[in-house]
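Trainee: A single structure is presented below for examination.
The values are calculated or read from the model by the stated rules, or taken from the named source; none is laboratory data. Because the structure is a prediction, the values reported are computed rather than measured. Reconstructed Cβ throughout: ideal geometry from the backbone, glycine too, with neighbour counts over all protein chains shown.
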Amino acid sequence: MLTIKNLHVSIEDKQILKGINLEVQKGEIHAIMGPNGSGKSTLASVLAGRNLFNITEGEIIYEGKNLLEMAPEERAREGIFLGFQYPVEIPGVSMMNFLKTAVNEQRKHRGLEPMKSSDFLKMMREKKDLVEIDSNLTNRSVNEGFSGGEKKRNEIFQMAMLDPRLSILDETDSGLDIDALKIVAHGVNKLKSSENATIVITHYQRLLNYIIPDRVHVLYDGQIVKSGNKDLAIELEDKGYDWLRKETQAG
Amino acid sequence: MSIHAQSIDLKDRFAAFFYKHQSTIREGLPEGINQHRQVAIEAFQQNGIPDRNVEDYKYTDLNPAFEKDYRTYIRPKQIDFNLNDIFHCDVPALDTHVVLLLNGWFYEKKTPQKKLPNGVIITSLREAANEYPEVIQKHYNQYADSKNQGLTALNTAFAQDGVFIYVPRGKAMDKPVQIINLLMDEEPGMSQHRNLMVMEEGSQAKVIVCDHTLSQSTFLTNSVTEIYAGQNAHMDFVRIQNEHNDSTQISNLYLNQERDSNVTSNTISLHGGLIRNNYYLRLNGENCENKTLGLYLTDRGQHIDSYVHMDHAHPHSRSNQLFKGVLDDYATGAFNGRILVRQDAQKTEAYQANNNILLTDDAKMNSKPQLEIYADDVKCSHGGTSGQLNGDALFYLRSRGIPLKEAQLLLMYAFAHEIIGEIHIQPLQDRIHELTEKRLRGELTRCNYCQMHCGDSGKN
Ligand SMILES: Nc1ncnc2c1ncn2[C@@H]1O[C@H](COP(=O)(O)OP(=O)(O)O)[C@@H](O)[C@H]1O
Ligand SMILES: [Mg+2]
């Protein structure tokens with residue numbers, strides 16, 4: 001589904017990603033862990049198409065297409081979804097209008113008619129229940145005045161509405177209490193199928209108690225320094241990132 | 001009659017014209033109005049038409065607009081037409097008392113009922129001057145600055161007609177008054193109408209002013225509106241400017257607020273060639289509330305300049321100026337907002353902001369705040385931004401599959417909403433939302449006429 005080959009990314013002459021290789025098959029959940037500043041969000045943004053960065057080397061193939069040539073909205077319509085680490089507040093744009101526009105753009109792309117209002121409302125209700133998001137939030141402006149937790153749930157809610165094929169969740173767990181974390185994990189698990197894939201970026205192992213990853217990768221200073229199964233996450237939790245630093249320096 | 005004589009100075013041209021025709025100008029009007037003319041024309045000769053050397057007009061030179069050879073009507077010109085054929089206000093469900101000014105003259109046929117059962121009067125300035133001389137004596141030219149402001153003085157010297165609204169003490173208007181200014185002529189025309197609105201103590205009113213050009217010729221408007229909001233009066237004043245690219249519109253609003261009064265003025269400039277809006281606001285009592293808001297959407301060579309003078313003369317009043325603009329192509333604009341807090345005006349709260357979105361590198365905005373504060377216990381702030389759309393927000397929307405164009409539109413629309421949401425007349429607010437969206441989508445720019453007219457909301 002997704003192949004990242006030797007990806008090098010810089011911003012303002014500063015190298016952030018230094019040769020990332022990653023292969024994600026459909027039906028899989030991958031976890032990317034790593035300390036602050038290692039480049040996790042940069043990788044997520046590059047996948048979603050943020051144009052702040054310079055791709056100096058490498059390629060990304062998604063469903064047989066050259067992803068780097070596609071605009072962010074094209075990627076979204078092809079099924080890529082980014083759950084933002086810091087969702088943006090957009091005063092004056094109502095959640096309702098925003099979601100309706102997004103859903104209908106995706107439908108248009110698939111050759112479908114815009115959704116009827118009644119169907120749309122019904123779908124909203126269903127998906128809201130899934131992430132147990134406060135009903136009133138959808139009457140407000142996008143993320144405006146939402147608490148940290150509400151913003152994160154709103155990301156999962158949008159993911160549920162858009163039904164993506166490849167979801168990249170960037171620290172959706174940070175700032176959540178354990179109940180909220182369970183709800184988010186529940187949402188992710190509910191949406192999982194043999195046709196889609198998820199990349200969860202996280203700082204802590206605890207999310208991975210609820211979302212069981214097929215593969216775990218450790219991103220360190222712009223490189224994936226170690227990959228393994230879910231036990232790697234537990235090992236990391238025990239030994240900390242220092243262990244890796246020693247290991248990479250030794251290797 | 002037209003004003004020729006290229007060789008002499010512009011202001012002398014207007015003065016000469018005034019002296020030559022003043023008997024016609026004065027005809028049919030009482031002293032209450034005529035007594036101000038002589039002083040005004042002299043003040044005009046002193047001040048002239050401001051050019052860029054005048055600090056408050058640094059970004060807008062009005063002289064070229066005045067240099068054109070306009071027909072100036074000191075008697076209404078008979079224009080033969082069926083109004084309903086060429087104009088209908090197509091704001092659905094907008095129920096108003098409609099008053100028409102055609103080239104600045106009150107259009108009698110459109111106003112059957114001038115006095116409402118509760119004593120509210122909606123009529124022409126001419127008629128009011130004769131029927132209600134005591135109101136005219138008390139309020140006419142009492143708030144307008146015909147001494148120092150050349151353009152206001154020019155209007156005071158020439159003004160012959162306009163709209164007069166009187167809301168008696170404690171009365172509320174049953175529905176908004178809608179003043180429609182129509183400009184229509186085959187020749188270049190100039191209008192200097194004069195409105196007076198008197199809101200007695202505890203009264204309430206909503207007034208909508210719509211400016212339209214209905215024919216292609218060049219127009220120049222230099223209008224003055226005086227509003228007196230008595231103690232605890234509440235007023236919403238909404239102005240929709242919608243003229244073609246060859247028009248120059250100068251509006252001079254003088255608002256006097258007495259204690260506990262509350263006035264919101266909201267100017268939506270959808271279209272116009274050159275627009276200069278002057279707001280002179282005096283909070284002349286304690287505990288006044290004032291909001292002065294503006295939204296302008298300009299493209300191509302349009303230019304809009306907003307000037308606000310907010311005068312806090314007494315303690316405990318609050319004012320809020322917010323002007324927002326979207327400038328496309330090589331459009332230019334200026335905002336000059338001034339807050340004056342006099343020594344006695346303790347506990348004043350006065351805020352001002354001017355935010356602009358520049359869609360191209362050629363669009364330009366000059367924004368100049370001025371605070372003059374002589375009281376020590378006040379809260380005042382001013383701020384401004386001019387720039388592009390927020391890149392993070394754009395990316396967020398696009399990452400959900402919304403195309404760039406649509407994402408930009410959503411953000412511009414959100415930007416405009418802050419002002420439009422303050423139109424407290426729902427059908428009008430809805431319509432302005434719709435027109436703004438069309439305007440921002442570029443669906444109305446090719447339409448050189450008035451947009452309220454050809455927007456055709458009812459038909460789709
Ligand atoms: N817009 C930016 N401008 C400059 N530096 C950036 C920008 N975004 C990220 N960086 C830098 O890139 C590095 C990686 O950041 P990021 O991808 O956010 O890491 P992580 O998500 O793993 O914490 C950091 O050193 C950060 O300071
Ligand atoms: Mg991050």
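Trainee: When region A:88-112 is examined, which residues are found to be in a loop (DSSP other than H, G, I, E, B) and more than 7 Å from chain B (Cβ to nearest Cβ)?
Mentor: A:Glu89, A:Arg110, A:Gly111, A:Leu112
Trainee: Going by the structure shown, is B:Asn278 modelled with pLDDT of 95 or more and out of contact with any helix residue (DSSP H, G or I) (no Cβ under 9 Å at 6 or more places or on another chain)? Give the steps one after another, and end with the answer.
Mentor: Details: modelled with pLDDT of 95 or more: yes; out of contact with any helix residue (DSSP H, G or I) (no Cβ under 9 Å at 6 or more places or on another chain): no.
In short, no.
Trainee: I'm told A:Ile133 meets every condition in (1) hydrophobic (A, V, I, L, M, F, W, C); (2) outside any helix (DSSP H, G or I); (3) within 11 Å of chain B (Cβ to nearest Cβ) except one. Can you identify the failing condition by its number?
Mentor: (3)
Trainee: Out of B:His417, B:His382, report the one residue that is part of a helix (DSSP H, G or I), in contact with a strand residue (DSSP E or B) (Cβ under 6 Å, 6 or more places away or on another chain), farther than 13 Å from A:Val88 by Cβ and modelled with pLDDT under 95.
Mentor: Unique residue meeting the criteria: B:His417.
Trainee: Can you confirm whether B:Asp456 is exposed (fewer than 15 other Cβ atoms within 10 Å of the Cβ), over 20 Å from the mean Cα position of the chain (by Cα) and modelled with pLDDT of 95 or more? Don't jump to the end; show me each part of the working.
Mentor: Values: exposed (fewer than 15 other Cβ atoms within 10 Å of the Cβ): yes; over 20 Å from the mean Cα position of the chain (by Cα): yes; modelled with pLDDT of 95 or more: no.
Here the answer is no, as B:Asp456 does not meet what is asked.
Trainee: Another question, if that's okay. Taking the condition of being within 16 Å of ligand 2 (Cβ to nearest atom) and in contact with a strand residue (DSSP E or B) (Cβ under 8 Å, 6 or more places away or on another chain), how many residues in region A:1-29 meet it?
Mentor: Initial filter on region A:1-29 (within 16 Å of ligand 2 (Cβ to nearest atom)): A:9, A:11, A:14, A:16-17, A:20.
Then drop every residue that is not in contact with a strand residue (DSSP E or B) (Cβ under 8 Å, 6 or more places away or on another chain), which leaves A:9, A:11, A:16-17, A:20.
Final tally of qualifying residues: 5.
Trainee: Taking into account only those residues within region A:137-168 that are within 16 Å of ligand 1 (Cβ to nearest atom) and within 13 Å of chain B (Cβ to nearest Cβ), which is modelled with the lowest pLDDT?
Mentor: Looking at the filtered set, the residue picked out is A:Glu155.
Trainee: In contact (Cβ under 8 Å) with a residue 40 or more places away in the chain, on the phi > 0 side of the Ramachandran plot and more than 16 Å from ligand 1 (Cβ to nearest atom): which single residue out of A:Glu57, A:Glu63 fits that description? Explain how you work it out, then say what you get.
Mentor: Working: A:Glu57 fails: on the phi > 0 side of the Ramachandran plot.
Every option except A:Glu63 fails the conditions.
Trainee: Just to be sure, is A:Glu12 more than 10 Å from ligand 1 (Cβ to nearest atom) and surrounded by fewer than 21 Cβ atoms within 10 Å (Cβ to Cβ)? If you could, list the steps in order and put the result at the bottom.
Mentor: Details: more than 10 Å from ligand 1 (Cβ to nearest atom): no; surrounded by fewer than 21 Cβ atoms within 10 Å (Cβ to Cβ): yes.
Spelling it out, it is not the case that A:Glu12 is more than 10 Å from ligand 1 (Cβ to nearest atom) and surrounded by fewer than 21 Cβ atoms within 10 Å (Cβ to Cβ).
Trainee: Here is a follow-up. Within the bounds of region A:171-182, is there any residue that is closer than 22 Å to B:Leu397 by Cα, within 14 Å of another protein chain (Cβ to nearest Cβ) and either touching a strand residue (DSSP E or B) at 6+ places or on another chain (Cβ under 8 Å) or within 16 Å of ligand 1 (Cβ to nearest atom) (or both)?
Mentor: No; the residues of region A:171-182 include none that is closer than 22 Å to B:Leu397 by Cα, within 14 Å of another protein chain (Cβ to nearest Cβ) and either touching a strand residue (DSSP E or B) at 6+ places or on another chain (Cβ under 8 Å) or within 16 Å of ligand 1 (Cβ to nearest atom) (or both).
Trainee: For region A:197-223, how many residues are part of a helix (DSSP H, G or I) and either touching a His at 6+ places or on another chain (Cβ under 7 Å) or among the charged types (D, E, K, R) (or both)?
Mentor: 1
Trainee: If B:Leu389 meets every condition in (1) in contact (Cβ under 8 Å) with a residue 12 or more places away in the chain; (2) assigned to a loop (DSSP other than H, G, I, E, B); (3) farther than 30 Å from A:Leu162 by Cβ apart from one, which number is that one?
Mentor: The failed condition is (3).
Trainee: Would you mind telling me which numbered condition in (1) at pLDDT 85 or above; (2) within 16 Å of ligand 1 (Cβ to nearest atom); (3) touching a helix residue (DSSP H, G or I) at 6+ places or on another chain (Cβ under 9 Å) A:Ile224 fails?
Mentor: (3)
Trainee: Please list, ordered by first then second residue, the pairs with beta carbon atoms under 7 Å, 6 or more apart or interchain, first in region A:26-44 and farther than 18 Å from A:Lys14 by Cα and more than 14 Å from chain B (Cβ to nearest Cβ), second near ligand 1 (Cβ under 10 Å from one of its atoms) and among the basic types (Lys, Arg).
Mentor: Pairs found: A:Ile32/A:Lys40; A:Gly34/A:Lys40.
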